[in-house]
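Below is one structure, written out as structure tokens; the observations come after it.
Every number here is computed from the coordinates shown, using simple stated rules; none is lab data. Model, not experiment: these values are computed from the prediction. Methodologically, a virtual Cβ is constructed for each residue, glycine included, from the backbone with ideal geometry; neighbour enumeration extends over all protein chains shown.
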Amino acid sequence: MKQGDNTRQHIIDVANELFYHQGYSNTSFANIVDKTGLSKGNITYHFKNKKTILEEIVNKRLTDIDDLLHEWNEEIGHPVSRLMRFCEMLVSEQDDIKSYGCPMGTLTGEFSKNEPELYSIALPMFQRFRGWLKQQYRLLDCTPKQADEKALELLSRVQGIAVVTHAFKDKAFLNREIGKLKDFIRYEYGGASC
């Protein structure tokens, strides 16, 4: 990797962490300068402004989501097991969820209130998961409408667990609720049909 690419990636990594830990609106360009240890000119050489950094972060997250979903499709043979793996994602990130909430949910939630342009940049992360979940339900013989409804239901339940875990700083709640959600999936879809 070239030095310029390393610098660019360092800026993205630092800004991604700042946006997640303190929110996009609460992160100033000066915060990014301070945390990276780079000059403002060095950062603006790579990124025109904070919004262009956000766009790059979301693009990176989308690539990571696509890679993850591809990996699950390859490694996990049955859609029911894939749905449960989706739920387990929170468990593997429970310390961060407890401290900061869901990285995708907090960012999208922040923008949905007052920043329609930024919201449209962040929303595709949710859309990726929604589309993939819908595919899993279609594999379980759900109609397209049923599959989309069930995808949104599961997405909302997982996001709700993340929100409450963060609000109450309660990892035991997260683990308990994810366990119940997995039991529900096993019970409802163990027969592999809608």
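Largest first and in whole Å, give the semi-axes of the range 120-194's equivalent ellipsoid, each being the square root of 5 times a Cα gyration tensor eigenvalue.
The three semi-axes for the range 120-194 are 23, 18, 7 Å.
Along each principal axis, taking the top coordinate minus the bottom one, the Cα set of the chain gives 59, 34, 31 Å in descending order.
Considering only C102, V164, Y137, whose Cα is most displaced toward the positive end of the charge dipole of the range 78-194, charges sitting on Cβ of Lys, Arg (+1) and Asp, Glu (-1)? Projecting each Cα onto the dipole axis, the largest value belongs to Y137.
For the range 1-56, what number results from the quotient of the Cα radius of gyration and 2.2 N^0.38 Å?
Values: Rg = 10.2 Å, N = 56, 2.2 N^0.38 = 10.2 Å.
Compared with the compact-globule rule of thumb, the range 1-56 sits at 1.01.
Only the Cβ atoms of Lys and Arg (+1) and of Asp and Glu (-1) were treated as charged; on that basis the dipole of the chain about its Cα centre amounts to roughly 260 debye. Using only side-chain charges placed at the Cβ, +1 for Lys and Arg and -1 for Asp and Glu, the dipole size of the range 1-56 relative to its Cα centre rounds to 200 debye. When you count the other C-beta atoms within 10 angstrom of each residue and take the mean per peptide, 162-170, 35-43 line up highest first as 162-170, 35-43. Cross-link partners for K40 among the lysines, with Cα-Cα distance under 27 Å and sequence neighbours closer than 8 places in the same chain left out: K2, K48, K50, K51, K60.
Hey, what did the range 1-56 get for relative contact order, percent, Cα under 8 Å, at least 6 apart? Answer for the range 1-56 is 37 percent.
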